[in-house]
1. Residues to consider are GLU112, GLU116; find the one that is in a loop (DSSP other than H, G, I, E, B) and of a type in the set (Asp, Glu).
2. Inspect all residues belonging to the stretch 126-135 and state whether any of them is in a loop (DSSP other than H, G, I, E, B) and modelled with pLDDT under 95.
3. Would you be able to tell me the number of residues in the stretch 62-87 that are touching a Pro at 6+ places or on another chain (Cβ under 7 Å) and among the β-branched types (Val, Ile, Thr)?
4. Are any residues in the stretch 90-100 within 14 Å of the ligand (Cβ to nearest atom) and either assigned to a helix (DSSP H, G or I) or in contact with a Pro (Cβ under 8 Å, 6 or more places away or on another chain) (or both), and if so, which ones?
5. List the pairs whose first member sits in the stretch 13-41 and is within 21 Å of LEU86 (Cα to Cα), whose second member is among the hydrophobic types (A, V, I, L, M, F, W, C) and surrounded by fewer than 18 Cβ atoms within 10 Å (Cβ to Cβ), and whose Cβ atoms are under 6 Å apart, counting only residues at least 6 apart or on separate chains?
6. When you scan the stretch 44-70, how many residues do you find that are open to solvent by 30 Å² or more (accessible area, probe 1.4 Å) and either in contact with a Leu (Cβ under 8 Å, 6 or more places away or on another chain) or of a type in the set (S, T, N, Q) (or both)?
Amino acid sequence: MASDSDRSAIIAAAKAARENAHAPFSKFRVGAALQTPEGAIIAGCNIENASYGLTMCAERVAIFKAVSEGKRKFTAIAIVVDTDELTPPCGACRQLIWEFCGDVPVTMANLEGRIETMQMSSLLPKAFDARFLDE
Ligand code: THU
């Protein structure tokens, strides 16, 4: 379980990444950040496109950045959006977070300092993953 200081570091990184969001169509700016066991932090923001379906969520940008840099183990993820009700990861991102991060704590935060952490297994119960491919 991530400590409180780990949690505030990834929240801060997600908040900073959110500033780089390219969201001219939805105006819904999202930042995400992952923590590695060594303490590295990799962040991402959502990147939209005029061809809407090509949009990439902040969580997946962070995961793809990290994996492309050779980072494969993660201990926590934070997601920051400026909504009163804290924004959870979308369904597609839940699948990707499960694949690459497993049952990590998922911290959702907003700009007013509201914070909630849930385990990934409760956000994606009965997940499909590579275990089923071996059967
Ligand atoms: N978005 C994310 O970045 N993460 C999520 O988990 C939910 C949705 C982005 C995609 C799009 O740019 C905008 O939020 C509105 O859906």
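1. On the way: GLU116 fails: in a loop (DSSP other than H, G, I, E, B).
Criteria check complete, one pass: GLU112.
2. Narrowing the stretch 126-135 to residues in a loop (DSSP other than H, G, I, E, B): 126-129, 135.
Filter once more, so that each one left must be modelled with pLDDT under 95: 135.
For the stretch 126-135, residues in a loop (DSSP other than H, G, I, E, B) and modelled with pLDDT under 95: present.
3. Applying the first criterion (touching a Pro at 6+ places or on another chain (Cβ under 7 Å)) to the stretch 62-87 yields 73, 75-76, 79.
From what is left, the residues that are among the β-branched types (Val, Ile, Thr) are 75, 79.
Selection size over the stretch 62-87: 2.
4. Filtering the stretch 90-100 for residues within 14 Å of the ligand (Cβ to nearest atom) gives 90-98.
Those that are within 14 Å of the ligand (Cβ to nearest atom) and either assigned to a helix (DSSP H, G or I) or in contact with a Pro (Cβ under 8 Å, 6 or more places away or on another chain) (or both): GLY91, ALA92, CYS93, ARG94, GLN95, LEU96, ILE97, TRP98.
5. HIS22/ILE47; ARG29/ALA23
6. Counting residues in the stretch 44-70 that are open to solvent by 30 Å² or more (accessible area, probe 1.4 Å) and either in contact with a Leu (Cβ under 8 Å, 6 or more places away or on another chain) or of a type in the set (S, T, N, Q) (or both) gives 5.
A quick yes/no check of all residues on (1) over 23 Å from TRP98 (Cα atoms); (2) open to solvent by 40 Å² or more (accessible area, probe 1.4 Å); (3) modelled with pLDDT of 95 or more; (4) within 14 Å of the ligand (Cβ to nearest atom):
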residue	(1), (2), (3), (4)
ALA2	no, no, no, no
ALA13	no, no, yes, no
ALA16	yes, yes, yes, no
ALA21	yes, no, yes, yes
PHE25	yes, yes, yes, yes
ARG29	no, yes, yes, yes
ALA33	no, no, yes, yes
THR36	no, no, yes, no
ILE42	no, no, yes, no
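This table checks each residue for (1) surrounded by 11 or more Cβ atoms within 10 Å (Cβ to Cβ); (2) more than 23 Å from ALA66 (Cβ to Cβ); (3) of a type in the set (Ser, Thr, Tyr).
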| site | (1), (2), (3) |
| --- | --- |
| GLN95 | yes, no, no |
| TRP98 | yes, no, no |
| VAL106 | yes, no, no |
| ALA109 | yes, no, no |
| ILE115 | yes, no, no |
| SER121 | yes, no, yes |
| LYS126 | no, yes, no |
| ASP129 | yes, no, no |
| ASP134 | no, yes, no |
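The values are calculated or read from the model by the stated rules, or taken from the named source; none is laboratory data. What you see is a predicted model; the values in this text were computed from it and never measured. Backbone-built Cβ (ideal geometry, glycine too); neighbour counts: all protein chains shown. For accessibility, only protein heavy atoms count, side chains too; no ligands or nucleic acids. Shrake-Rupley method; radii C 1.70, N 1.55, O 1.52, S 1.80 Å.
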